[in-house]
Amino acid sequence: MQAREISKAIYTEFLQRHSLDNVWQTTMMGDMQEARGRHVLYLGIFDDTDTLTGATNVVLESSHFGALHAGSPRGPILDYTGSQVTASLQAVRDFLKQKHVMYWTLNPYAVYEKHTLDGKAVQGSRCQGMYDQLMAAGARHRGFVHGIDNSTEPRWMYVIPTDFDSPQAMLDSFAHKCSRSIRRAMDFGVQVRELSEEELPLVDEMFVHAGDKHEFSWRNDDYTRRLWNAFHESGAVKFLVVEITLQDYTGRLQKTLETLRQQQAETEDSIARIRSKKCSTA
């Protein structure tokens, strides 16, 4: 196995064909890192027949004593179920050594173990083979962490299936509390729309308020702008806002009130007729 630099075009074409394609490994994310003054490499991993079998972007940062730290967020992109994982990683390590890299942090976009909605591990889902090959390549596992860790990409991901026959079928698959909240939002006339570039400060404002309430800190305003500049044109990132138009909401409440009043009148009329019938037969 051998690792060497490839063009952005070849890298992107490989990424888009791979099942582990993800936003952290895109060239857009690489452009975003370079806008912060970091150097980004795009490496291809080739087998003995010179076939491209894996790829990764590598973000280089200055480390101690003039050496470099390399990071592959949610990479490398390769087949973690195969037998070439160790050799592929060693090929990248050999390449990075030539670049005076002291250590390389990788965070594969591969499932180690699946869990149920209540957090219980799914029996038989652990990918021990992938873990063993990573260790055989010389990696050291940092362990599993809970909570917010800004030093790495999300370690736990909640995924819901979207291959349903209808929106109603998807809604029915959710937990009762969740589906009830969605139905209430629909009844209230909640609308979702995409923000314009001029409205980006609203994103930061909402996250700051949420952070004050839930005790987390939001990034500076430049982060939202850099996300927009790097990803919006490709459609990979959209900023959405949920709104309630008060006039529409008031109108819905008024219609509900009118319906309830009509039902009340019909009920009272039905009760009156029953009572009248009873009195006439008595």
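The values are calculated or read from the model by the stated rules, or taken from the named source; none is laboratory data. Quick caveat: nothing in here was measured; it's all calculated off a predicted structure. Virtual Cβ from ideal backbone geometry, glycine too; neighbours counted across all protein chains shown. Please note that ligands, DNA and RNA were not included when accessible areas were found on the heavy atoms of the full protein model with its side chains. Shrake-Rupley method; radii C 1.70, N 1.55, O 1.52, S 1.80 Å.
Thinking of the range 111-170 as a set of Cα atoms, what percent of all their pairs are more than 16 Å apart?
63
Distance in nm between label sites at A236 and A265, each 7 Å beyond Cα in the beta-carbon direction?
6.0
Can you order the peptides 51-63, 201-213, 30-42 by their average number of other Cβ atoms within 10 Å per residue, highest first?
51-63, 30-42, 201-213
Give me the mean projected area, in nm² to one decimal, of the convex hull enclosing the Cα positions of the range 156-282.
Orientation-averaged projected area of the Cα hull: 14.3 nm².
Can you give the local net charge around G71? Use residues other than it whose beta-carbon is closer than 12 angstrom to its beta-carbon, Lys and Arg +1, Asp and Glu -1.
Net local charge, G71 excluded: 0.
Considering only protein heavy atoms and a probe of 1.4 Å, how much of the accessible area of the chain is carbon and sulfur, as a whole percent?
Carbon and sulfur atoms account for 52 percent of the accessible area of the chain.
Among the lysines, which have Cα under 29 Å from the Cα of K177 when same-chain residues fewer than 8 positions away are ignored?
K177 reaches K114, K120, K213, K238, K255.
In nanometres, what is the gap between the two model label sites at H146 and H18, each 7 Å from Cα along Cα-to-Cβ?
For the pair H146/H18, the computed spacing is 3.2 nm.
Multiply the residue gap between R126 and I160 by 0.36 nm, knock off their C-alpha separation, and tell me the result in nm, one decimal place.
Taking 0.36 nm per residue and subtracting the Cα distance, the gain is 10.3 nm.
Rounded to the nearest 500, what is the 222 nm mean residue ellipticity of the chain from helices alone, with -39500 (n - 2.57) per DSSP H run of 4+ residues and division by all residues?
Dividing the helical sum by the residues of the chain leaves -14000 deg cm²/dmol.
Report for the chain the percent antiparallel among DSSP-assigned beta bridges with both residues inside it, nearest 5.
Here the share of antiparallel DSSP bridges comes out near 80 percent.
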